[in-house]
Amino acid sequence: MSENKERLQKVIANSGVTSRRKAEDMIVSGRVKVNNKVVTELGTKVAKQDSVAVDEIVIEKEQPVYYIINKPRQTLSSVQDDKGRQVVTDLLSPYIEQRVYPVGRLDYDTTGVLLLTNDGDLTNKLIHPKYEVDKVYVTKVKGIFDKKDLTQLKKGVEHEGERLKAVKARIIEIDKRKNISKVELVLHQGKNRQVKRMFESLGYSVEKLRREQFGTLTLGNLQPGDYRELTPHEVKQLADLTKQNVK
């Protein structure tokens with residue numbers, strides 16, 4: 001009977017060291033050893049008893065943990081910053097033992113739902129567009145939005161060589177006196193600064209941006225900077241979501 005083996009990048013991701021995508025970069029760049037030998041082949045599989053080290057530190061598989069946070073403004077969706085700015089893990093690290101990292105990114109001044117976990121496999125699925133996980137944003141922009149603009153957002157806009165599009169878009173509110181519009185977008189993509197870039201392409205400046213929902217997760221009563229651990233049911237809902245939507 002053949003022993004069960006897993007891909008090296010998945011083992012690294014599941015240990016909580018980093019995401020699977022970054023684990024692949026580490027392997028290719030020669031930063032990973034298996035049984036004390038450098039491995040650079042992405043197809044490498046390892047067994048449970050194999051020793052895996054990243055940057056000379058042997059990894060141990062952690063129990064997966066899952067947290068939702070209402071990311072505040074002026075906070076980076078990262079685990080560290082060379083400029084000394086606050087990162088989202090600073091808000092959790094004094095209170096939890098496991099090393100977690102954000103699933104996807106929210107801009108520095110964007111608030112709202114952010115998932116943090118050490119489950120690299122689920123992370124990879126939740127952020128990949130092919131799994132069609134909804135990310136719902138509410139945006140306040142300067143200017144009066146119209147149906148033509150909504151159609152363009154769903155059709156897609158070109159920005160810096162990338163095609164950016166919304167799955168759904170609707171106008172929530174228009175204040176003609178203040179010349180302000182509130183617009184809701186549903187995205188499956190997760191490009192850098194995507195929402196702001198889409199509105200800028202149509203000539204609108206974004207004044208406020210909040211992510212209201214990520215997959216099945218919503219903010220509930222969480223205030224900016226507050227977080228909580230997900231229930232087992234919520235974790236199962238996220239996992240089920242990636243199974244249902246994959247094509």
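The values are calculated or read from the model by the stated rules, or taken from the named source; none is laboratory data. Here the structure is a predicted model, which is why all the values come from computation and not from measurement. Quick reminder, even Gly has a Cβ in these numbers, built from the backbone with ideal geometry, and neighbours come from all protein chains shown. The protein model used for the area step is the full one, side chains on, heavy atoms only, and it has no ligands, DNA or RNA in it. Shrake-Rupley method; radii C 1.70, N 1.55, O 1.52, S 1.80 Å.
Return, ordered by residue number, the residues of segment 20-58 whose backbone nitrogen is under 20 Å from a label point located 7 Å along Cα→Cβ of Ser78. Those under the cut-off are 20-26.
Over the chain, dividing the summed -39,500 (n - 2.57) contributions of all DSSP H runs of at least 4 residues by the number of residues returns a 222 nm mean residue ellipticity of -6500 deg cm²/dmol. The order of the peptides 65-72, 166-173 by mean Cβ neighbours within 10 Å, most packed first, is 65-72, 166-173. Each part reduced to its alpha carbon centroid, segment 80-123 and segment 134-176 end up 27 Å apart.
For Lys61 and Gln49, calculate 0.36 nm times their separation in residues minus their Cα-Cα distance, and state this gained length in nm to one decimal. Could you put the intermediate results ahead of the total?
Details: separation 12, 0.36 × 12 = 4.32 nm, distance 1.18 nm.
Going from the current span to full extension adds 3.1 nm.
Taking the accessible area of segment 193-247, probe 1.4 Å, and keeping the other protein chains in place, the carbon and sulfur fraction comes to 47%.
Just how large is the dipole of segment 61-178 about the Cα centre, in debye to the nearest 20, putting +1 at every Lys and Arg Cβ and -1 at every Asp and Glu Cβ?
Details: 23 positive and 18 negative charges, 155 e Å.
Rounded to the nearest 20 debye, it is 740 debye.
For segment 54-192, the fraction of 1.4 Å probe accessible surface lying on carbon and sulfur atoms is 44 percent. With protein chains left intact and a 1.4 Å probe, residues in the chain average 56 Å² of accessible area per residue.
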